[in-house]
Each structure stands twice: as C-alpha cells, then as structure tokens.
Amino acid sequence: MIRPILIHPDPRLKKVCDPVAEITPELRSLAEDMLETMYDAPGIGLAAPQVGVTRRLIVMDCIKEGTPEPVVLFNPVVFWSSEDRSVYEEGCLSIPDIYNEITRPAEVAVRWTDVDGREQERQFAGIWATCVQHEIDHLDGKLFIDYLGPLKRQMITRKMEKLKRERARED
Ligand code: K2U
Ligand code: ZN
C-alpha cells in the first residue's frame, strides 16, 4: 500500500535508525510498500524513516526509461568512496519542491543484506551513487539541506512549516 511520506521538520527524519536484526515478513511487506510509494511519488529512492519507520532500510530504482530495476537494501554500508566528486541538483520527497546542488563522491561501494537475507556488494556510479548516498544519509537522520548554509536551511525549514500548516488546514 502507498504510505504517507513525512515532511521536514519531523523528529523521525532526524533519528539515527536502528539496524534490522532479521528480515521478517513484515519488513518484506514494508519494502514492497516503500517501492509502491516511491513509484507513486514519483521518486528514484526512498528511506524507511520517510514513511515513519526508523529502521535501516532503503529502496531505489534510478532507471528512467525501460525495465524498472528495484533494489531493496537492509543495513546498507558504504565501505569505499571515490576521490572524484560529482555535483547533482538534489531534491527530497520529504522536502517537496526544493532543489539544490549537492557535491558527493562520484562512485561508492555499498554492502547490504537483501530481502532473501543474502549479503550483497555493488559499486554505484552516476545517479545511482548520488541516490544511495542520499538514502543512507536519511538512515543517519541527515537531509540534503544539512549540507547547505544555516540561513538557507532555516529558510527552507520555515517554508516547509508553512506548507505543513496549509496542508493541515486542507485536511
Ligand atoms: O530520498 C528521497 O527523498 C528520494 C529522492 C532521492 C534522490 C534525491 C536526490 C538525488 C537522487 C535521488 C528524490 O526525491 S527522488 C525524486 C528525484 C528524481 C530524480 C532526480 C532527483 C530527485
Ligand atoms: Zn530524501
């Protein structure tokens, strides 16, 4: 099912999420819901805290055209990152309609546990590298606006508080 996406500021988006001890049917179902929610947004990534579950789980599918390539990562860890950097205009489903250029390592190697409980390892480049780093930041309570200056971050937070007040009035 499609789950509501939390909007910044929200304490659950600032929490360091708990590791997943065992891949249970409930967590598999959560991963399915997160993929459905991500495609519906639409987005190319989503982290569990964004749907209010502070566990170390992210989903991604950075394929634009052609066959979708959903990836579900439990307890993802970056264990290598390139010296080279890349700049991407990032957005966030928890900070709607705000985009800013963010610099990150151009390539990262990530280790995680998949839905079958198997250890996986993959090197990501391009938008996949940007996305996986953006999602893993979510698991550590970090948002892309945390890389901006304090004034810009404060302005964006005020904008989001106003948006939440307006949405609350609609409901
Ligand atoms: O985590 C999220 O909020 C989903 C993010 C993932 C993402 C952000 C920046 C750069 C890459 C991935 C996006 O909102 S998904 C929407 C999107 C799609 C394409 C490019 C940028 C943002
Ligand atoms: Zn995000």
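The values are calculated or read from the model by the stated rules, or taken from the named source; none is laboratory data. Note that this is a predicted model, so its numbers are computed, not measured. Every residue, glycine among them, receives a Cβ derived from its backbone with ideal geometry; neighbour counts consider all protein chains shown. Just the protein is used for accessible areas: all its heavy atoms, side chains included, with ligands, DNA and RNA removed. Shrake-Rupley method; radii C 1.70, N 1.55, O 1.52, S 1.80 Å.
Per-structure values
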| item | result |
| --- | --- |
| Under-16-angstrom lysine pairs by C-alpha in the chain, whenever the two are 8 or more apart or on separate chains | 4 |
| Which of E89, E166 is most accessible, then next, and so on - probe 1.4 Å | E89, E166 |
| Check: the range 18-88 dipole with +1 on Lys, Arg Cβ and -1 on Asp, Glu Cβ, in debye | 180 |
| Accessible area in square angstrom per residue, the chain, 1.4 angstrom probe | 54 |
| Calculated P(r) tail over 18 Å for the chain, as whole % of Cα pairs | 61 |
| Carbon + sulfur, % of accessible area of the chain - ligands and nucleic acids excluded, 1.4 Å | 51 |
| Those trypsin sites (Lys or Arg not before Pro) in the range 54-155 that DSSP places in a loop and that have at most 10 other beta carbons within 10 Å | K64, R118 |
| Paramagnetic reach from A109 (point 7 Å along Cα→Cβ, amide N under 18 Å) across the range 115-148 | 119-126, 129-130, 132-133 |
| Fully extended contour minus Cα-Cα distance, from Q120 to D97, at 0.36 nm per residue | 4.9 nm |
